[in-house]
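Below is one structure, written out as structure tokens; comments come after it.
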Amino acid sequence: EKADRDKPIEISADRGNLDQLKGVTVWQGNVIIIQGTLKLNADRATVSQDKQGNQTMQATGRQVTFRQKMDGKNDWIEGQANQLDYNTVTHVAVLTGNARVKRGNDLVIGNVITYNTETEMYEVSSGASSNGGRVTAIIQPKPRDNSPAAKKPDGNAP
Amino acid sequence: MIRSHRLFPILLILITGLLTVWLDVVSRWQPNKRDLDPNKPEVVADGVMATRFDPKGMLQEKLIAGRMWQYPDRTESYFESPDLQSYKNGVLAYHAIGESGRYNSKTKQALFDKKVTLIQPATANQQETRVISSNMRIDTIRHIAQSEALTHFYYGKSSGSAVGFIYQQQAGQLQLLSNAKVTYEK
């Protein structure tokens, strides 16, 4: 959710290496990154920070997973891929390699999924994978609203 | 006559021998050399400030301590509440403040064996870095600080901890050896 952005970022890992001159930190081994409701797990994460404090993060591993609460709803968005690149300026996360994103009950699968944590919109593509893989999207129908207010005068549901 | 004739060489040998022993003893005798107790300090100084300058005459290292002492025939000096300051081109690069420690003048290694804080002052483009641990070794030649103990560090508003670290001050590299945690705050 949007409030996550202003929360501190907590990172824990087996080992860490901070390069003060370049502003690059590499975390390795059971990496967990938490920011508000966002939680990411990876084998390795590289966090770069520019002079203005903006950060880009690349997480890799057998499987990078993340989970974040949706804004204003009690629903979660979950994703997994071989690699995840995130930019705190654009608020865009790019999942690459066996990428899956589940939002509520909707699910998309592809080689590359670009997810905007600000607009909560995502775009899925087969990416440059050699076998020209296909994308899959499973969109659950909205539950029918059977309340009286929703019914037309002729008694049928809209 | 004959007897004295034979006695003289014997006497001569005896006297020469005595003279040799006497000279040996005298040459070893040092007027103020007394056997010092190796477990008792030979030198004790209170309120110490030692300063070292680089070839260009600029401040390179300063060591301030409440008390310093040294044991006989040892190259290590021991300190109470030491503050080891390292300068680069006359500007303070970092300093380490501890409860106690020792410094080996031959290896140029400092060991802070109790609580110690390493501070790298803020610069134009870097915030102050503080590293706090229960002990720390500092190589004052290669400017490397390290510990195997639980260590906490603070960088601006961000903070973190790890068990074991190696900090290469000149390269600006801080390695967290295990159980690394950090909280970034803007």
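The values are calculated or read from the model by the stated rules, or taken from the named source; none is laboratory data. Model, not experiment: these values are computed from the prediction. Glycine also receives a Cβ, built like all others from the backbone with ideal geometry; neighbour counts cover every protein chain displayed. With ligands, DNA and RNA removed, areas are computed over all heavy atoms of the protein, side chains included. Shrake-Rupley method; radii C 1.70, N 1.55, O 1.52, S 1.80 Å.
Below is a table of values for the structure above.
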item: Enumeration of residues in the stretch B:110-132 that are away from chain A (no Cβ under 13 Å) and hydrophobic (A, V, I, L, M, F, W, C); result: B:Ala110, B:Leu111, B:Phe112, B:Val116, B:Leu118, B:Ile119, B:Ile132
item: Filtered residues of the stretch A:39-71 (kept if open to solvent by 20 Å² or more (accessible area, probe 1.4 Å) and touching a residue at least 60 places away in the same chain (Cβ under 8 Å)); result: A:Lys69, A:Asp71
item: Those residues of the stretch A:105-134 which are open to solvent by 70 Å² or more (accessible area, probe 1.4 Å) and either at pLDDT 85 or above or under 20 Å from A:Gln80 (Cβ atoms) (or both), in sequence order; result: A:Asn105, A:Met121, A:Glu123, A:Ala128, A:Arg134
item: Condition met for B:Val91 (more than 10 Å from chain A (Cβ to nearest Cβ) and open to solvent by less than 10 Å² (accessible area, probe 1.4 Å)); result: no
item: Per-region count, the stretch A:4-13, residues more than 7 Å from chain B (Cβ to nearest Cβ) and open to solvent by 40 Å² or more (accessible area, probe 1.4 Å); result: 3
item: Breaking point among (1) in contact with a Ser or Thr (Cβ under 7 Å, 6 or more places away or on another chain); (2) more than 14 Å from chain A (Cβ to nearest Cβ), for B:Lys181; result: (2)
item: Residue among A:Glu1, A:Glu78 that alone is over 17 Å from A:Thr119 (Cβ atoms) and either of a type outside the set (Lys, Arg) or open to solvent by 70 Å² or more (accessible area, probe 1.4 Å) (or both); result: A:Glu78
item: Output for the stretch A:19-59, where each listed residue is part of a loop (DSSP other than H, G, I, E, B), facing another protein chain (nearest Cβ under 7 Å) and under 16 Å from B:Val182 (Cβ atoms); result: A:Gln20, A:Gly53
item: Any hit, the stretch B:73-80, residues being open to solvent by 60 Å² or more (accessible area, probe 1.4 Å), in a strand (DSSP E or B), farther than 23 Å from B:Ala124 by Cα and out of contact with any Lys or Arg (no Cβ under 7 Å at 6 or more places or on another chain); result: no
item: Residue match in the stretch B:158-175 (condition: among the polar types (S, T, N, Q) and free of Cβ contacts under 8 Å to residues at least 12 places away in the same chain); result: yes
item: Residue pairs meeting the criteria (Cβ under 9 Å; at least 6 apart or on separate chains; first among the basic types (Lys, Arg), in the stretch B:43-64; second open to solvent by less than 40 Å² (accessible area, probe 1.4 Å) and in a loop (DSSP other than H, G, I, E, B)); result: B:Lys56/B:Gly90
item: Qualifying residue in the stretch B:141-148 (condition: without any contact (Cβ under 8 Å) to a residue 24 or more places away in the chain, among the aliphatic types (A, V, I, L, M), open to solvent by 40 Å² or more (accessible area, probe 1.4 Å) and not in a strand (DSSP E or B)); result: no
item: All positions within the stretch A:1-18 that are part of a strand (DSSP E or B) and free of Cβ contacts under 8 Å to residues at least 24 places away in the same chain; result: A:Ser12, A:Arg15, A:Gly16, A:Asn17, A:Leu18
item: Residue check for B:Ser161: in the same structural domain as B:Ile64 (by the TED database), small (Gly, Ala, Ser), within 15 Å of B:Pro82 (Cα to Cα) and open to solvent by less than 30 Å² (accessible area, probe 1.4 Å); result: no
item: Only one of A:Gly16, A:Gly72 that is on the phi > 0 side of the Ramachandran plot and either more than 18 Å from the chain's Cα centre (by Cα) or away from chain B (no Cβ under 14 Å) (or both); result: A:Gly72
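Residues are listed down the side, and each one gets a yes or a no for (1) of a type outside the set (D, E, K, R); (2) modelled with pLDDT under 85:
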{"position": "B:Phe8", "(1), (2)": "yes, yes"}
{"position": "B:Ser27", "(1), (2)": "yes, yes"}
{"position": "B:Lys40", "(1), (2)": "no, no"}
{"position": "B:Pro55", "(1), (2)": "yes, no"}
{"position": "B:Pro82", "(1), (2)": "yes, no"}
{"position": "B:His95", "(1), (2)": "yes, no"}
{"position": "B:Ser100", "(1), (2)": "yes, no"}
{"position": "B:Thr107", "(1), (2)": "yes, no"}
